[in-house]
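A short worksheet on the structure shown next.
The values are calculated or read from the model by the stated rules, or taken from the named source; none is laboratory data. Fair warning: this is a prediction, and the values are worked out from it, not measured in the lab. Cβ coordinates were reconstructed from backbone atoms using ideal geometry, including for glycine residues, and neighbour counts include every protein chain displayed.
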Amino acid sequence: MLLPSYKEARKRSKVLSEKEFYSIDKEFKTIGNNRKYFIKTYGCQMNEHDTENIKAMLEEIGFIEANDYLEADLIILNTCSIRENAHNKAFGMLGRIKHLKQSKKNLIVGLCGCMAQEEKVVDDIMKKYKWVNFVFGTHNIHRLPFILKEALESNNQEIEVCSKEGNIVEGMPVKRENSYKAYVNIMYGCDKFCTYCIVPYTRGKQRSRDKDDILKEVNDLVQKGYKEVTLLGQNVNAYGKDFDYKYNMENLLEDVSKTGIARIRFMTSHPWDFTDGMIDVIKKYPNIMPSIHLPVQSGSSRILKLMGRKYTKEEYIKLFDKIKTIPNVCVSTDIIVGFPDEQDEDFKETLDLVNYCKFDNAYTFIFSPREGTPAAKLKDSIPLSKKEERLHILNETVNKYFLESNRKLINTKVKVLVDGKSEKEGMLCGYTDTNKLINFYADANLIGQIVEVLVTDAKTWSLDGRVE
Ligand code: SAH
Ligand code: SF4
Ligand code: F3S
C-alpha cells in the first residue's frame, strides 16, 4: 500500500526528470479476458488525455469498452480536485456504483486522477468505501496493469499513490477519442503554487517532455492524417524552464509548426511566462491558431497578490494589448470571484478589466477552498450569497462580450475543422481558427476536413453558418 502525502507532494527537488519506457510482459495480455470496462472522466484536458492512455492500456490487456457503466465489469473514475463540485460529482457516481455492485458482485471498481492524490479522499475510500477495489494516482498511470492484476487476484483494496512525481513515461499506448484532433502532452505538473490551487499537489513538479518525443508524436499524427494538435500543460509557457539546456516554448511552437500539421493550439498559458518571442512566432506561422487562453483570475492587483499570481492588473493588460497585435486573435480567460475577503472594490476592478478586454470567452468560478492550499486557511467574511451575486453579474457582463464578438463575424467566412454531426438537426459542427463553435449546413463527407463556412447568425456561445 502506498498512500498520498501532502508533505511530500509540496516538495520540489532540483533533480532533473528522467525518462522511462512503458512495457508490459506477455502474462498481462489476457487479464482482461474480454471483460468490459467503462471510464468516467472528470476535469481538464489533461485528465481526458490520461483516459485515452488508460483505455489503450486496458485494451492491450484484453478488456473491451462498454457503452455504459451499467454493463461494465470494470469501472474506473478518473477524478478532478479543482473545486468542491468536481469532488461531489465523483462521490455521487461512487454512490450509484455502490448500488450496482450490490447486484453485481464481480464488478471491479477503481479510482484514479487528482482526487487519488488527496490524503483525505484516500482516507475516506479506505474507511467508508471499502468496496472500491483499487486506487492509483496521477504519477503512476503506467502501473495500471500491475495494480489491476493485484486487485483481481486478491480480496484486498489495492492503493498505490505516489506523492513524489516519478520519471516521464514514454511509449504508453493511446486510444484517441478523435481521428482529426489530438492532445499532445508537452509538460507535466506545475510549480506556480497559486495559493488557491490544488494542481501543484496533485500533479507534482513541473517536468517538460523531451522535444524530440513531442515532435515524433506530432509527426506521427501528421502521417495518420490528423489536422489539429493541442499542446497540453498546466502552464505551457514555462515549457523547457526545467531543462539544463536552452529550449523553450517559442522554439517548440516553431518546431511543431514546421511539422506541417494544419492547426496548432496550446493551453494553458500563464501570463507570467508569456514572452514577446512567442507572440512573434504565433504571428509568423499561420498554422499556429490565433486563439489564446490567458487566465487572469482577478482584475484586482491586491487579490492577484493574495492569489500568488505574480502579476498586477496593469501587467496583465500590457500583455493582453501585445497579444491583441496578433491578427484576428481571440483571447479567452478564467476568472475566480469570491476569493477570501474580496471586497466590492476588488470585484469592480474585475468588471473594469472585463470591460476593457472584452474577452471572446471566459470560464467563471466561485472560489472553492481546497484543503492543504494556503488560500483555504485565509479568513473570509464574504457570505456565499454575495459571491453568487457577483458571479451572476460577472456572467452577464462576459456574455455580452461573447455575443458582441460573435456578431462581428456575421457575413464573413471562417475556416472550420469539421468535427461531426451537430446537436442541431441536419447540421454539422466544428471550431473556427479562433476556437469558436459553429453549427452549419454542409455535406457530411466533409467531416475531418478544414472548410470555409459563411457565418449567417451569432449566438452567445456559438455561430450558425453554411458551406457555400
Ligand atoms: N493552469 C491553469 C489553470 C488550471 S485550473 C492556469 O494557471 O491558468 C483551471 C481554472 O480553475 C483556473 O484557471 C482557475 O480559474 C480555476 N480554479 C483553480 N482552483 C480553483 C479554486 N480553488 N476555486 C475556484 N476556481 C479554481
Ligand atoms: Fe494552478 Fe496556478 Fe499552476 Fe494554474 S499556474 S495549475 S492555477 S498553481
Ligand atoms: Fe482537475 Fe487535476 Fe485537471 S485537479 S483540472 S483534473 S489537473
Selection within region 242-286 - within 20 Å of Lys227 (Cα to Cα), aliphatic (A, V, I, L, M) and more than 16 Å from ligand 3 (Cβ to nearest atom) | Leu252, Leu253, Val256, Ile261, Ala262, Ile264, Val281, Ile282
In the set Lys400, Lys424, Lys436, the lone residue that is under 16 Å from Thr333 (Cβ atoms), in contact with a strand residue (DSSP E or B) (Cβ under 7 Å, 6 or more places away or on another chain) and basic (Lys, Arg) is Lys436
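The rows are residues; the columns are (1) surrounded by fewer than 17 Cβ atoms within 10 Å (Cβ to Cβ); (2) outside any helix (DSSP H, G or I); (3) in contact (Cβ under 8 Å) with a residue 40 or more places away in the chain.
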{"site": "Leu353", "(1), (2), (3)": "no, no, yes"}
{"site": "Glu371", "(1), (2), (3)": "yes, yes, yes"}
{"site": "Ile382", "(1), (2), (3)": "no, yes, yes"}
{"site": "Lys386", "(1), (2), (3)": "yes, no, yes"}
{"site": "Glu389", "(1), (2), (3)": "yes, no, no"}
{"site": "Asn395", "(1), (2), (3)": "yes, no, no"}
{"site": "Val398", "(1), (2), (3)": "no, no, yes"}
{"site": "Phe402", "(1), (2), (3)": "no, no, yes"}
{"site": "Ser405", "(1), (2), (3)": "no, no, yes"}
In contact with a Gly (Cβ under 8 Å, 6 or more places away or on another chain) and either touching a residue at least 40 places away in the same chain (Cβ under 8 Å) or surrounded by 23 or more Cβ atoms within 10 Å (Cβ to Cβ) (or both): does that describe Glu170?
-> no
Test for Asn85: is it surrounded by 18 or more Cβ atoms within 10 Å (Cβ to Cβ), polar (S, T, N, Q), under 24 Å from the mean Cα position of the chain (by Cα) and not in a loop (DSSP other than H, G, I, E, B) = no
Taking into account only those residues within region 58-86 that are touching a residue at least 60 places away in the same chain (Cβ under 8 Å) and β-branched (Val, Ile, Thr), which is nearest to ligand 1 (Cβ to nearest atom)?
-> Ile82
Among the residues of region 451-468, is there at least one that is aromatic (Phe, Trp, Tyr), in the same structural domain as Val331 (by TED's automatic domain parsing) and modelled with pLDDT of 95 or more?
-> no
Would you mind finding the one in Lys55, Lys89 that is out of contact with any strand residue (DSSP E or B) (no Cβ under 8 Å at 6 or more places or on another chain) and either within 16 Å of ligand 1 (Cβ to nearest atom) or closer than 28 Å to Val229 by Cβ (or both)?
-> Lys89
Could you give every pair whose Cβ atoms fall below 8 Å, whose first residue belongs to region 322-350 and is basic (Lys, Arg), and whose second residue is in a helix (DSSP H, G or I), counting only separations of at least 6 or pairs across chains?
-> Lys322/Asp276; Lys322/Ile279
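Here is a yes/no grid of residues against (1) on the phi < 0 side of the Ramachandran plot; (2) of a type in the set (S, T, N, Q):
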residue	(1), (2)
Ser368	yes, yes
Ile382	yes, no
Thr397	yes, yes
Asn435	no, yes
Please indicate, with yes or no, whether at least one residue in region 3-26 is within 28 Å of Asp334 (Cβ to Cβ), without any contact (Cβ under 8 Å) to a residue 60 or more places away in the chain and among the aliphatic types (A, V, I, L, M).
-> no
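Would you point out which residue out of Thr259, Thr195, Thr230 is surrounded by fewer than 22 Cβ atoms within 10 Å (Cβ to Cβ), within 16 Å of ligand 1 (Cβ to nearest atom) and assigned to a loop (DSSP other than H, G, I, E, B)?
On the way: Thr259 fails: within 16 Å of ligand 1 (Cβ to nearest atom); Thr230 fails: assigned to a loop (DSSP other than H, G, I, E, B).
From the options Thr259, Thr195, Thr230, the qualifying one is Thr195.
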All but one of (1) within 30 Å of Ala262 (Cβ to Cβ); (2) within 13 Å of ligand 1 (Cβ to nearest atom) hold for Arg370; which doesn't?
-> (1)
Can Met126 be described as within 16 Å of ligand 1 (Cβ to nearest atom) and of a type in the set (A, V, I, L, M, F, W, C)?
-> no
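From Ala56, Ala66, Ala9, Ala72, grab the single residue that is over 16 Å from Ile141 (Cα atoms) and within 22 Å of the chain's Cα centre (by Cα). Steps first, answer last, please.
Values: Ala56 fails: over 16 Å from Ile141 (Cα atoms); Ala66 fails: within 22 Å of the chain's Cα centre (by Cα); Ala72 fails: within 22 Å of the chain's Cα centre (by Cα).
The conditions single out Ala9.
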Here is a list of conditions, (1) in contact with a helix residue (DSSP H, G or I) (Cβ under 6 Å, 6 or more places away or on another chain); (2) within 11 Å of ligand 1 (Cβ to nearest atom); (3) farther than 26 Å from Thr275 by Cβ, and Val296 meets all of them except one; can you say which number that is?
-> (3)
Quick one: Tyr37 ticks every box in (1) part of a strand (DSSP E or B); (2) free of Cβ contacts under 8 Å to residues at least 40 places away in the same chain; (3) within 14 Å of ligand 3 (Cβ to nearest atom) bar one, so which box is it?
-> (3)
